2 protein chains.
Amino acid sequence: MKQKLSGSVVRSDLKLSDGRTISYYDSKEIERSAQDSRGDEAQPGIGHLRLDPLVNEWVSVASHRQHRIFLPPKELCPLCPTTADKKTEIPDSDYEVVVFGNRAPALTTPDANWELPIISGLDTPNADAAGACEVVCYTSDHNTSFAKLSVQQIRTILEAWKDRTKELSKLPYIEQIYPFENRGEEVGVTLSHPHGQIYAYSFLPPRIEKMLDAANAHLKKTGRVLLDDVIAREVKDEKRIIAQNAQWIAYVPFAARYPFEIHLAPKRSIADFTEMDDAQSDLFAPIAKEILARLDGVFGIEMAYIASWYQAPVRSGRDSMRLHWQIVSVRRQPGKLKYLSGSESGMGAFIMDLEPEQSAEQLKAVKL
Amino acid sequence: MKQKLSGSVVRSDLKLSDGRTISYYDSKEIERSAQDSRGDEAQPGIGHLRLDPLVNEWVSVASHRQHRIFLPPKELCPLCPTTADKKTEIPDSDYEVVVFGNRAPALTTPDANWELPIISGLDTPNADAAGACEVVCYTSDHNTSFAKLSVQQIRTILEAWKDRTKELSKLPYIEQIYPFENRGEEVGVTLSHPHGQIYAYSFLPPRIEKMLDAANAHLKKTGRVLLDDVIAREVKDEKRIIAQNAQWIAYVPFAARYPFEIHLAPKRSIADFTEMDDAQSDLFAPIAKEILARLDGVFGIEMAYIASWYQAPVRSGRDSMRLHWQIVSVRRQPGKLKYLSGSESGMGAFIMDLEPEQSAEQLKAVKL
């Protein structure tokens, strides 16, 4: 199946041998037909959701992942294109950007009549862990990083994020779509091939619930969109802004929680990827490359980070929540990491050893 | 100043040369008078609190900590007793348990007229980071761990937790008292001397706010205390209970978030340490030793953990929130850690690779 997306990107869908769909996103018309000859069996069973009654939060229990096949050595990277010697997750011998379902997903397609139990403390029954976990391969080149990709390549990735948000939003059991990237061993990455993931949840994740509460309260109180006012404050304060162009603005937020934390938002605010126009899409890649290059430039090393896309839930907060990208790094100084220990992980109360204005200065001072 | 506590424990207060108080907790009457001869200057300035408007959470910014004097090498451990060659944080040449203020605290004593600004999004002014950060040295022996201490020694630590909760509760700006221990390099510990910390917050930390909401909702809906019902379910399910005695019960919770997570609670539930009676106090040490020994026994290595005491806030939830201890370990298998990456840290949505029943089995199977 082939589909034309904006930015001249074309999507071609094929099936892997175990039934998963693989979508190729290409910047030009190209025939994708390589077959997966691995003959794999279907994915392991679905996990389940349990409610933690002490805080009313869902925990996904996916015990089939503990015993999953462990990652092969680097020379057998499963995210590289397939070669004569090596069959990987991507049957074709080359690709631009591909998206496919995780081989051992924590969240998966549920039965047709699936419903999330209403939260009610101890009486809440377990539920199947409905949702989706997808892998987004950013490039076929094993030895690069998102920041170093071409503007065109990042545009193709952006089209994949937009398209997956649109497609996953159609599923009746999906509430939140979360594209993200973990980069670096310090945040547990074992596959160094440049890639991100998309988690689609069948419940509102705890941090989204809090964002929704804050955004709705602000809208009700002021009649204005919270992120618009947040950005207005950053523009007024000015000193924490590290980059901007006609469509996007990047800043270290006033109340940063991590030593190096950058938020990137479109100046014309939108609820989610499905609302992003061509002007915004065209100007994303240059500023994304700039802020990630600044992050890597601070200490002259590839900085470990978690890059998270926040967008409005599929079915709520469409008028109050706004799309933005949060990139957080756990590195405080060369050789020193910020660990989430007692106060952060036990209490959720963050302690920052670096003023946001100081880290903004360091990011701005990087020579590109 | 000397004070008799329960369990025959005696507290003696002295001053360090920079003005901080040091409290010795001893299991017998003993004269504590060693003077701090280091001639140190007063602590660095107070940090401040900034509100993150996207989630309405306070972040403590303590930039004076970034440039704090770095930890001396092991042979100069600042938590060992002072010797002829080496002056440490503890002026005496021996001690049982001591508590003193952190040298570079994230939270400190505010001005007399300090008040937390009412949370109202972007209009909220910064506030001084009021609170307290204390160090609890568990033993003068550098080369041991909490689990290996004697029953008497742990009883003395317990009296220190009780006493500090009582004393800190008297301060008008304190809302939550949080004794905890980070153990192991995997959670960022750089000082291996057995010790814990106490953070006293001038606001309700985010996780406490959620616990309070859940506990209050349950009380309102059922007329019962949430933790009592949680424990009743654990008793009914039985398979996740790993230890108990006449006063305490330890279990892997139904919706554990970490691969090895143990909760320990008194069977007669209490709001906080100030309500703990002698029978509960006497039977804490044996079961604490047992569960920590089981944790270390699973893989035959000293397990890294964060051990958190949850108790009712000082001024709210006194009838709904209940004291308990949560010990979480980030180790999944030998050589494999659970990292808090995208889903956990970006969304607050936990993914568990191990069923709570499986980890309870492993903990129960440890030969002590």
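Note on the protein assembly as shown: with charges restricted to the Cβ of Lys and Arg (+1) and Asp and Glu (-1), its dipole about the Cα centre is near 160 debye. Distance from the C-alpha centroid of segment A:50-64 to that of segment A:256-335: 28 Å, rounded to the whole angstrom.
Would you work out which of A:Ser341, B:Gln152, A:Ala255 lies farthest towards the positive end of the dipole of the protein assembly as shown? Charges go on Cβ: Lys and Arg +1, Asp and Glu -1. Comparing the listed Cα positions along the dipole, A:Ala255 ranks first. Legend: Rg and Dmax of segment A:249-297, from Cα coordinates, 12.1, 33 Å. Counting other Cβ atoms within 10 Å as a rough exposure proxy, the listed residues B:Glu75, A:Glu181 run B:Glu75, A:Glu181 from fewest neighbours to most. Simple point charges give the picture: +1 on the Cβ of Lys and Arg, -1 on the Cβ of Asp and Glu, and for chain A a dipole about the Cα centre of about 600 debye. Computed over chain B, the Cα gyration tensor eigenvalues convert (square root of 5λ each) into semi-axes of 31, 27, 22 Å, ordered from largest to smallest. Placing one equal scatterer on every Cα of segment A:208-365 and applying the Debye formula, the log10 ratio I(q)/I(0) at q = 0.17, 0.19 Å⁻¹ is -1.08, -1.29. Over all projection directions, the Cα-based convex hull of the protein assembly as shown averages an area of 32.1 nm². As a proxy for reagent exposure, ranking B:Val151, B:Val9, B:Val225 by other Cβ atoms within 10 Å from fewest up yields B:Val151, B:Val225, B:Val9. Under a 5 Å amide H cut-off, with hydrogens placed 1.01 Å from N, A:Ser140 pairs with A:Tyr95 among residues at least 5 apart or on other chains.
The same position A:Ser120 in the other copies lies at 3.8 nm from this copy, comparing label points 7 Å beyond Cα toward the beta-carbon, shortest first. Sorted from closest to farthest, the other copies place their B:Glu238 label points 7.2 nm away, with each point set 7 Å from Cα along Cα→Cβ. Each peptide in B:127-138, B:99-110 receives the mean, over its residues, of other Cβ atoms within 10 Å, and ordering these scores from highest gives B:127-138, B:99-110. In summary, the convex hull built on the alpha carbon positions of segment B:95-236 has an orientation-averaged projected area of 12.5 nm².
Candidates B:Phe284, B:Val187, B:Ala265 compared by Cα position along the dipole of the protein assembly as shown: farthest toward the positive end lies B:Ala265, with charges placed on Cβ. Only helices enter the 222 nm calculation for the protein assembly as shown: every DSSP H run of n ≥ 4 contributes -39,500 (n - 2.57), and dividing by all residues gives -7000 deg cm²/dmol, rounded to 500. Counting only residues at least eight positions apart within a chain, or on another chain, the lysines with an alpha carbon under 24 Å from that of B:Lys4 are B:Lys15, B:Lys28, B:Lys162, B:Lys166, B:Lys170.
For the residue pairs A:Lys220/A:Lys267; B:Lys336/B:Lys367; A:Lys87/A:Lys336, alpha carbon separations beyond 27 Å are given by A:Lys87/A:Lys336. For segment B:30-36, backbone phi angles converted through the Karplus equation (6.51, -1.76, 1.60; θ = phi - 60°) give residue-by-residue couplings of 8, 8, 10, 9, 4, 8, 7 Hz, Gly and Pro being listed as x. B:Lys267 label point (Cα plus 7 Å toward Cβ) to equivalent points in the other copies: 6.8 nm, shortest first. Each of A:Val366, B:Val55, A:Val10, A:Val61 was scored by other Cβ atoms within 10 Å of its Cβ. Listed from fewest to most, they are A:Val366, A:Val10, B:Val55, A:Val61.
With the gyration tensor restricted to C-alpha atoms of segment A:2-203, the semi-axes of the equivalent ellipsoid amount to 30, 19, 17 Å, longest first. Per residue of peptide B:204-217, the mean number of Cβ atoms on other chains within 10 Å of the residue Cβ is 5.
Every number in this text was worked out from the coordinates using simple rules, so none of it is lab data. The model shown is predicted, which means the values in this text are computed figures rather than measured ones. For neighbour counting, all protein chains shown are included, and Cβ atoms are generated from backbone atoms with ideal geometry for every residue, glycine included.
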